[in-house]
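The values are calculated or read from the model by the stated rules, or taken from the named source; none is laboratory data. Keep in mind that this is a model prediction, so the values were computed, not measured. Cβ sites come from the backbone with ideal geometry, for glycine too, and all protein chains shown count toward neighbours. Areas reflect the complete protein model, heavy atoms only, side chains present, ligands, DNA and RNA absent. Shrake-Rupley method; radii C 1.70, N 1.55, O 1.52, S 1.80 Å.
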Amino acid sequence: MIFQKDAEAIAILSKYHANGRERDPLVYFTYGQIREALAIEREINQTTSYLTLFKTPGNLRRMRIVFALGFFSQWSGNGLISYYLDPVLENVGVTVPSTRALINGGIQIWCFRSSSGGENRSTSTLFDVQRRNGRRICVLDIDDRVMDNKAESTGGERVDCVDADLLPGV
């Protein structure tokens with residue numbers, strides 16, 4: 001429809017929405033909705049650009065949150081385990097494939113458990129918290145739970161390493 005192929009569009013709509021009947025009202029109703037949506041998008045694209053993401057203070061704050069989420073999700077170190085697990089296991093003497101698979105599976109289960117732990121605690125009360133206190137409190141509450149979960153898992157990993165004498169000099 002953008003490229004003025006109206007007849008083809010009607011043929012496709014009639015094939016999938018009206019069992020091949022081109023004069024079906026549903027075909028023309030859907031065709032009209034699509035044309036209207038494309039006209040609205042064309043109008044919006046003429047008046048906006050990517051710079052609108054940074055023009056107002058509210059949008060600038062939102063973009064900072066988006067960039068921070070991307071940065072911290074990479075900074076959390078999840079990629080380190082997936083990239084360097086095999087060489088680390090080799091260096092510490094774990095060479096049996098079944099033992100490696102068991103360690104890798106345990107790590108995956110631990111990651112799944114720790115990532116879904118905060119969700120299980122907050123999902124049942126998520127809507128109640130939002131209704132009572134608003135979205136900001138809800139987001140801050142979930143953020144606090146995620147930070148607690150990360151701190152617990154990081155501390156647990158540190159204790160495991162110290163207990164296993166993998167950190168010399170500690």
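Peptides 48-56, 146-154 ordered by packing proxy, namely the average of other Cβ atoms within 10 Å per residue, highest first: 146-154, 48-56. Taking label points 7 Å from Cα along the Cα-to-Cβ direction, residue 5 and residue 107 give a separation of 4.7 nm. Per the Debye formula on identical point scatterers at the alpha carbon atoms of the stretch 1-76, with no solvent, log10 I(q)/I(0) at q = 0.17, 0.25, 0.26 Å⁻¹ is -0.72, -1.09, -1.13. When 75, 110 are compared by accessible surface with a 1.4 Å probe, the order from highest to lowest is 75, 110. Between residue 85 and residue 68, the simple spin-label model (points 7 angstrom out along Cα→Cβ) gives 3.1 nm.
Full extension of the segment from residue 33 to residue 47, taken as 0.36 nm per residue of separation minus the current Cα-Cα distance, would add 2.9 nm.
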